[in-house]
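The values are calculated or read from the model by the stated rules, or taken from the named source; none is laboratory data. All values reported here derive from a predicted model rather than from experimental measurement. Heads up, the Cβs are rebuilt from the backbone with ideal geometry, glycines too, and the neighbour counts pull from every protein chain shown.
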């Protein structure tokens with residue numbers, strides 16, 4: 001299997017930033033008063049995010065309750081999906097990212113009691129359709145799936161590509177091959193986390209899947225942009241997206257201790273106009289909210305919201321953390 005992406009010269013600089021952020025994450029963990037709690041919280045948020053991307057309806061609190069063995073009144077399938085995915089992520093320390101057997105075992109953990117072909121490559125051809133029932137991607141011929149996955153893992157084990165690029169490319173190819181009847185998205189995201197964790201153990205706890213969840217439209221857009229109508233692929237757009245998501249996840253992790261109490265000093269509200277106050281309230285509810293969404297909720301022009309955000313930035317009240325694509329708002 002040849003490389004299936006064209007190199008972006010900007011990746012070199014972004015990889016350098018990620019190296020620097022890894023040092024900051026390490027320091028943050030060393031200074032954390034309860035690193036185990038921080039890690040577990042991020043793990044549970046990861047589970048909630050990766051299942052929500054696929055349509056799971058449990059709230060964040062319900063995900064926490066399910067994993068903590070509390071009674072939750074919700075659809076049994078949604079509860080089972082969360083339990084299964086948590087079990088799969090707990091296996092990260094013992095999984096080999098280049099073992100087809102481990103890949104199938106992880107799929108079994110994710111889909112057990114949910115589908116018939118759990119832990120097995122699909123035995124039929126499949127297609128991904130949009131809301132209009134239009135085919136947007138056809139998976140590989142089912143008879144070729146095992147060979148293609150084996151070749152992909154061999155490529156991953158031997159390529160000279162940097163692990164940050166390699167893991168993103170393998171994530172994309174898992175989605176492109178679509179080796180299973182169901183669970184392809186969840187296992188693709190798990191497998192990238194697994195590959196990264198074997199390179200640096202800190203990635204086991206970084207909320208990369210959460211950043212994907214908050215930017216689902218761009219995630220799917222990057223997947224589509226990476227596969228061409230003639231059947232060829234160039235996953236450069238997807239690697240671009242994932243590097244942004246990884247960078248944002250690291251900022252999120254570093255800032256989590258500072259933001260855990262939320263809010264802003266009440267005295268600062270005295271010097272703000274009503275729109276600025278409303279923007280802060282929206283950010284407190286969802287630090288990943290987009291400017292366009294703010295404008296919709298507030299029934300104000302986007303330009304008005306952008307101007308007020310600029311004022312809040314100048315006053316040092318809010319700041320934007322991470323990239324424009326996958327970053328988030330921080331109340332200082």
* Among (1) surrounded by 15 or more Cβ atoms within 10 Å (Cβ to Cβ); (2) in a loop (DSSP other than H, G, I, E, B), which single condition is residue 46 missing? -> (2)
* Asked: Out of curiosity, is residue 73 assigned to a loop (DSSP other than H, G, I, E, B) and over 21 Å from the mean Cα position of the chain (by Cα)?
  -> yes
* To do: Go through (1) more than 18 Å from residue 193 (Cβ to Cβ); (2) surrounded by fewer than 18 Cβ atoms within 10 Å (Cβ to Cβ); (3) modelled with pLDDT of 95 or more one by one and return the number of the condition residue 68 breaks.
  => (3)
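Would you call residue 171 in contact with a strand residue (DSSP E or B) (Cβ under 9 Å, 6 or more places away or on another chain) and in the same structural domain as residue 200 (by TED's automatic domain parsing)?
Numbers: in contact with a strand residue (DSSP E or B) (Cβ under 9 Å, 6 or more places away or on another chain): no; in the same structural domain as residue 200 (by TED's automatic domain parsing): yes.
Considered against the rule, which asks whether it is in contact with a strand residue (DSSP E or B) (Cβ under 9 Å, 6 or more places away or on another chain) and in the same structural domain as residue 200 (by TED's automatic domain parsing), residue 171 comes out as no.
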* Structure fact -> Residues of region 16-40 being under 16 Å from residue 249 (Cα atoms) and either free of Cβ contacts under 8 Å to residues at least 60 places away in the same chain or part of a loop (DSSP other than H, G, I, E, B) (or both), in sequence order, are 16, 19, 20, 23, 27, 40
* Structure fact -> Restricting attention to region 196-214, the residues that are part of a helix (DSSP H, G or I) and in contact (Cβ under 8 Å) with a residue 12 or more places away in the chain number exactly 13
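Does region 65-86 hold any residues that are more than 21 Å from residue 183 (Cα to Cα) and in contact with a helix residue (DSSP H, G or I) (Cβ under 7 Å, 6 or more places away or on another chain), and which are they?
72
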* To do: Consider residue 217 carefully, then state whether it is part of a helix (DSSP H, G or I) and surrounded by 23 or more Cβ atoms within 10 Å (Cβ to Cβ).
  => no
* Asked: Do the conditions hold for residue 147, that is, is it more than 25 Å from residue 84 (Cα to Cα) and assigned by TED's automatic domain parsing to the domain that holds residue 89?
  -> yes
* Structure fact -> For region 220-239, the count of residues that are buried (at least 22 other Cβ atoms within 10 Å of the Cβ) and in a helix (DSSP H, G or I) equals 4
* Filter result (under 25 Å from the mean Cα position of the chain (by Cα) and either at pLDDT 85 or above or not in a helix (DSSP H, G or I) (or both)) within region 282-306 -> 282, 283, 286, 287, 288, 289, 290, 291, 292, 293, 294
* Output yes when any residue across region 98-115 is modelled with pLDDT under 95, closer than 19 Å to residue 181 by Cα and crowded, with 16+ Cβ neighbours inside 10 Å, and no when none is. => yes
* To do: Please go through region 1-27 and pick out each residue that is under 22 Å from residue 158 (Cα atoms) and surrounded by 13 or more Cβ atoms within 10 Å (Cβ to Cβ).
  => 1, 3, 4, 5, 8, 11, 15
* Being over 22 Å from residue 46 (Cβ atoms), out of contact with any strand residue (DSSP E or B) (no Cβ under 8 Å at 6 or more places or on another chain) and either part of a helix (DSSP H, G or I) or not assigned by TED's automatic domain parsing to the domain that holds residue 88 (or both) narrows it down to one of 152, 164, 190, so name that one. => 152
* Identify the residue in region 310-324 that is surrounded by 16 or more Cβ atoms within 10 Å (Cβ to Cβ) and either assigned by TED's automatic domain parsing to the domain that holds residue 242 or under 26 Å from the mean Cα position of the chain (by Cα) (or both) and, among all such residues, is farthest from residue 245 (Cα to Cα). => 318
* Residue under evaluation residue 55, criteria (1) exposed (fewer than 15 other Cβ atoms within 10 Å of the Cβ); (2) at pLDDT 95 or above; (3) under 21 Å from the mean Cα position of the chain (by Cα), criterion not met -> (2)
